Every structure is written in C-alpha cells, then in structure tokens.
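Take a look at the structure below.
The values are calculated or read from the model by the stated rules, or taken from the named source; none is laboratory data. Every value quoted in this text rests on a predicted model; they were computed, and no experiment measured them. In this analysis, Cβ positions are derived from the backbone assuming ideal geometry, glycine residues included, and neighbour counts consider all displayed protein chains. For accessibility, only protein heavy atoms count, side chains too; no ligands or nucleic acids. Shrake-Rupley method; radii C 1.70, N 1.55, O 1.52, S 1.80 Å.
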Amino acid sequence: MTDLILRGQTLRFEADPFNTPIEDAAVIETHGGILVRDGRIAQTGTGDDLCRAYPQARVIDHGDALITAGFVDAHMHYPQTAMIASWGKRLIDWLNTYTFPEEMQFADPCYADDIAGRTLDLALSNGTTTLTSFCTIHPTSVDAFFENAAARNMAVVAGKTCMDRNAPDGLRDTANSAYDDSKTLLEKWHRTGRATYAITPRFSPTSTPEQLAALGALWGEHPTALMQTHLSEQTDEIEWVKGLYPQARDYLDTYEAFGLLGERGLYGHAIHLTPREIDRLAEVNAAVVHCPTSNTFIGSGLFDMAGMKARGIRTGLATDTGGGSSFSMLRTMAATYEIGQLRGTALHPAHLMWLATEGSAQALHMKGEIGSLNVGAMADITVLDLASTTAIAQRSTRANDLWEALFPTLMMGDDRAITQVYVAGQAV
Ligand code: GUN
Ligand code: ZN
C-alpha cells in the first residue's frame, strides 16, 4: 500500500503529563507530519522533512488543523444510544425506568445491529476511534457490536452484560448461562481482528454471589481478557450493596471476594471510595474510568482525578452514554475540567487530551497500540478544526500557543470540530 503523509499541526505524548513536566511529555509540531504505512504510524516529524524523505507518498494537508490520536472512550453502553438524555432520575430509578426497558429490545438481533452501527458511526463522527461498551444480556447484542466494529475496522472492547437478579423478567440470565455464554463469546471474539473481550458483570447489585464467582472463574481461565463493571457511583447504590453483601468489607470487596479484582479490571465511576478501596486498586494496578458527563447528569458526584493520579492509579476517560449526556469526548473533556475545578484542580489541556487518548488506552492495556501518534501505533487519528464555530474561532485566534488555541475547542467544541477521522490509516 502507498505511504500516506498527513500534514498539519501535530500533538503527541511521549510521557504522562500528570507526572512529567508538560513541555517534556507533549511533542507539538506546528508544521508537523505523520507517515502512515500499512495502517500504522511509521514516522513522525515535520511535514517538509517527511515529504522530502518519502517523495512517492500520497500527501493530505490539513493546514492549521490539529492532528491527534483518535479518542478512546473507555466505558459506554451502546444499547443506551437511543435513550440518551432521559430526564429526571437518579441511578437506580434511571436504570429501572429507562435503561432496562430499552435493553429488553436487544432480544431482537436486527434492532441490536441497527443501534450498534448507529453508535459506532456517532462515535466516529465525534472523533472517537475506540469504544469500550457494555452490551445487553443477549449474546446476539455482543455479536452485533463486534460485527459492526469489524466492518469499520475499529478497535473495540465489549462483553455480554451479565445480570441474574434485581432486573426485570426477560433481562436476567443465570450464573451458569452467564458463564457459558460469556465463554463462548470470549472464545469467538477476544483478539479476533481488532476486538478485545471484556467479561462484564453489570454491577454487584444485579449479580448473585454465584454469578460473580462464575465470572471470576472465567476470568481466571482467560487472564488476557479484560473485565469491566461499575463501582461506587452513587451513595444509595453503595448502601444497597452493603445490604446485599453483608460479609463484604466495602463495594470493591464484593468483586475481590469472587476473583473480579485485577490488573485487567476496569472499574467505571469509582467516585465514593474508601481509603481501603483506593489502596487495593493501587496495589493490584487496576484501572478506574472517569465518566464526567454521566456523573453530573445522573447526579452521582465528583470524581477525584488528582487523587487517583497521585496514587498512580491508571485512569481512563469515558462518555458512559446513555447515562452520559454526550457522545463527544470533547464534551467529556470539558466536563472533566469542570469537575476538576469543583474539586480545586485546574487540569491543563495536555492532561485532558492525554486522558482522552493515552490515558484510556493505558486503562485498556493497549498502550502503544491505540491512543497514540507515536511510531508503531495503529493510525487511528482525529483531525481537529480549532476554529469550528464563530465563538471558538474568535477566541482561538488570540491564542499565544497551541494549548491556548486548543482549550476553547475542548471547552466549547463538538462534532463540528472533527475535520477528518482515520481508522488504521483509512479516511472514514
Ligand atoms: N450501574 C449499573 N448499570 C449502569 C448503567 O447502565 N449506567 C450507569 N451510569 N451506571 C450503571
Ligand atoms: Zn456504565
């Protein structure tokens, strides 16, 4: 395949800006270039140098636009796409009123196929090249998601959502069927093309101890799989978990007791944690996932980003749609900044961009593969117009450096800022 050179401003990270000075962690080229070969990033530098070195390459010049790694959404629910922005409830009521009835419709494989395709296209139009999704209890909902992702050549993570209690008729499996179906799907999809399987107990309240134990055993048998769930999102949810698991030391212990705490575990929300839970997450090198638009929309609370990063806990960023109120990782970065401000920490645009790309990729154990413009990574790339609306343009023209030029897009931008998306080096 011919080489491709993308020209424009480029932003890539060589280190985590939370623990390396930003000027060392981030590499910015005002007249940059990215050489793409066989779907991967083969070289980076200035556009002029690359064009001189590879005169046969096809060149696409994005001008002043910013070329960045495609966004990586580390936690979302594709079955909730059609019910995003449902009004007025908190977590448990929201699940019972809006979410479970919608998820019931995924018994129909045609509906699942339609919503899976719709969700992946919405993600791409928002510059998101990787989604990490819960499916429903229906195995066909998992096939629909992975098949639609494969058709778009997208790297995705997903798994069958398991629930065997506290969910309506028609939306419960059993401990045995959850194990059997998850195993079949894992063996079918894990590491097939760009797919990664995540064993997916929804959260402790909707699984019996027997189901958590079965899924913990499955993870033990397939340790390269990821495991995704929810943790300590709302205070009344935590009280409910205490009643359901009286032996557990805390919410995290309900997972740990059944083999569901580990380095490849992804714990969504993780807002109201006890010191012991934070210690255990750090000790086992598990990942937490911040879902800021969801946490404000459902009224869950303020995630402690600075605290998690200070403890060295791997942290991804996510939309959590349809609890989250936007498909856009730009809106998600804006909410991350606002929650940081409410907690007394002003996150730098470098922190926000790193979290939305590298941070999420590291949470998913895909460092170097996705979420990066460094040599060797897959060429999943998003190009941002830093003057996509009149309001953003009039602010960014006054900027003195890239960070100042980018921040208005992070705070006010949406899908109009997405100029182009490449998946494995192919323009979408
Ligand atoms: N906790 C358990 N299930 C869900 C869900 O679908 N969305 C959110 N935000 N939290 C959950
Ligand atoms: Zn969720």
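What residues qualify as long-range amide H neighbours of residue 57, i.e. H under 5 Å apart, gap of 5 or more or another chain, H built at 1.01 Å from N?
Residues meeting the amide H criterion: none.
Over the range 76-152, give the accessible area per residue in Å² for a 1.4 Å probe, as an integer.
34 Å²
Using a 1.4 angstrom probe on heavy atoms only, work out the carbon and sulfur share of the accessible area of the range 193-252 in %.
58 percent
Which whole-number percent gives the relative contact order of the range 180-286, counting Cα pairs below 8 Å spaced six or more residues apart?
27 percent
Considering Cα pairs under 8 angstrom that are at least six residues apart, work out the relative contact order of the range 124-243 and quote it in whole percent.
24 percent
Keeping all protein chains in the complex and leaving out DNA, RNA and ligands, what accessible area do you get for residue 221 with a 1.4 Å probe, in Å² to the nearest 10?
It works out to around 90 Å².
May I ask you to give the solvent-accessible area per residue for the range 18-59, in square angstrom, as obtained with a 1.4 angstrom probe?
About 57 Å² of surface per residue is accessible.
Work out the length of the dipole vector of the chain about its Cα centre, built from +1 on the beta-carbon of each Lys and Arg and -1 on the beta-carbon of each Asp and Glu, and round it to the nearest 20 debye.
320 debye
Which lysines have a Cα less than 27 Å from the Cα of residue 160, not counting those fewer than 8 places away in the same chain?
The reachable lysines, counting only those whose Cα sits under 27 Å from residue 160, are 89, 183, 188, 242, 367.
Which peptide among 74-86, 401-413 comes first, and what is the full order, when sorted by highest mean count of other Cβ atoms within 10 Å?
Result, highest mean first: 74-86, 401-413.
Helix-only estimate, please: 222 nm mean residue ellipticity of the chain, summing -39500 (n - 2.57) across DSSP H runs of length 4 or more and dividing by its residues, to the nearest 500.
-10500 deg cm²/dmol
Per-residue counts of other Cβ atoms within 10 Å, averaged by peptide: what ranking do you get for 176-188, 116-128, highest first?
116-128, 176-188
Just going by the charge dipole of the chain, with Lys and Arg at +1 and Asp and Glu at -1 on Cβ, which of 101, 34, 199 is farthest out on the positive end?
Of 101, 34, 199, it is 34.
Just grab the label-to-label distance for residue 285 and residue 249, each label 7 Å out from Cα along the Cβ direction, in nm (one decimal).
Here the modelled spin labels are 2.1 nm apart.
Based on the mean of other Cβ atoms within 10 Å per residue, sort peptides 368-380, 96-108 so the most packed one is first.
368-380, 96-108
Give me the percent of Cα-Cα pairs in the range 349-394 that sit more than 17 Å apart, rounded to a whole number.
Counting pairs separated by more than 17 Å, the tail of P(r) holds 44 percent.
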